[in-house]
Structures are given as structure tokens and as C-alpha cells.
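The values are calculated or read from the model by the stated rules, or taken from the named source; none is laboratory data. Everything numeric in this text was worked out from a predicted model, so none of it was measured. Cβ sites come from the backbone with ideal geometry, for glycine too, and all protein chains shown count toward neighbours. Surface areas here come from the heavy atoms of the whole protein model, side chains and all, with no ligands, DNA or RNA. Shrake-Rupley method; radii C 1.70, N 1.55, O 1.52, S 1.80 Å.
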Amino acid sequence: MSRNAHQPGRAPSAELLRLAEQGARNIQAADRTQIARADRHMRVALGAHYGSLRQRLFFVPLVVGAGFVAATAAGFLPVDWLGAGMAPMMFGVFGAAFIEPVAGDGRIAGEREWLATRPFPVTGYFEALQHPPTSGALLLTRVRFAGEVPPPDLVQGVLGVIDANPVVRPEGGQIYLLQSGLISGATGIRINKRPVYRNHRIVPYVHGLVDNVLAPLHATYPIDQVELTRAA
């Protein structure tokens, strides 16, 4: 008779235990790396939209250097001062352009507070920002109304205030699915000839969606739940 798969069997060898422990460590390290990358994507998206202290610091040498260059060109300073102005100015230009604008904890907390104070619960926003950036993204917004639902053409028209290419689909019952037009992730920056993408345009899109589309709808047709999903 064959042994039941759930009954205790032969004890694993020391080598198997060692391999299992090593594999578990690898999995944990990969999970930590993935979490760190997701957090970085979110912070860069918010920093690129709102600005970040790290990036603003580069405007100091840029402004100082530009002042020296302008004063030299106007004849207020000797030509010898031109190099003294060009060096910090170029440092500031390249720093402001290529250094990632990472948002700090205060900005993250402010964004969470904004979301928590909306008149209806919204989920999936931060997950959309944590997604690896691409050249373009689509957002799917599932809206569940608490009672009466608005006509589809009304929802389509109001959504058109922030999105010229939306798709509105009733899903039955009290649920609508709103699909965004393509939200660009382009930055105009290239590093080693490769384009740099960010999730920064998702930030104003979601703010506009929540505050300028869903909140006015909620005033007449109460909303019970909003769930955001990134489709691309």
C-alpha cells in the first residue's frame, strides 16, 4: 500500500535543508528588492510632479553660475570670471535634469492624507505609482455607486473634463468601469541613449479624476467605493 503523502516520511538530508535555507534567503532578498524598487517608483513619480528638495538644491549653483555669466557678459565682471560662472551653472543644469526627483516622507504622508480625506474610499492609487514606469499607462477605475447610478453619457461627459479619450462601460448592478486614455510616461530624458520613463502624469490624472469628476458625481449619485487598477 502506498504511503499517504501527508504522513511523515523520510527526513530531508542536511544538503536539502541547506539548499532550502539558501533559497528562502534568496526569495526574501528578491522581495525586499522589489519592495524597494516599487517605493522608488512611487517617490520619483510624486517628486517629479510636485518637485523635490533633492532636485531644488541643484538650482542654487545654476542660479549663482548664471548670475556670474550674465554679469560677465554685461561687462560688470572681467572675462576671467566666465569660467567661474559656467562650471556651477552647468553642474546645476545637469543635476536638475538628470538627478531623480525623489519625494520625501512628508510628501508621501501628505498624499496619503489627501486620499484618506476624500468623501469615498479610493484604493489602488499608490499601487499604480509603484508599477514599473512605461512609455504609456492605462488606468481602469471601477466605481461602485451606493444607490441610483448616473446615465452612462453623463459619466462620459464629466470624465471628458480631464480625459479626451475615456471609455465608460456599465458592468451591471451599480458598477461602472472607467478606462483612461493613454497616460504618457515620457520625460524627454535619455540616459545612455535609453529613454527615461516615470509615473509622474498619473498623479495629476488621479487627482483630477477624484476631485473634478468623481466628487461632483458623488454629490448627486453617492459613491460607495473606487478601485484603481493599472492596465499597462
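Label-to-label distance for E113 and D211 is 1.4 nm, based on points extended 7 Å past Cα in the beta-carbon direction. Counting only protein chain heavy atoms and rolling a 1.4 Å probe, the accessible areas of R118, R10 rank, largest first, as R10, R118. Residue order by solvent-accessible surface for I223, I35 is I35, I223, largest first, with ligands and nucleic acids left out and a 1.4 Å probe.
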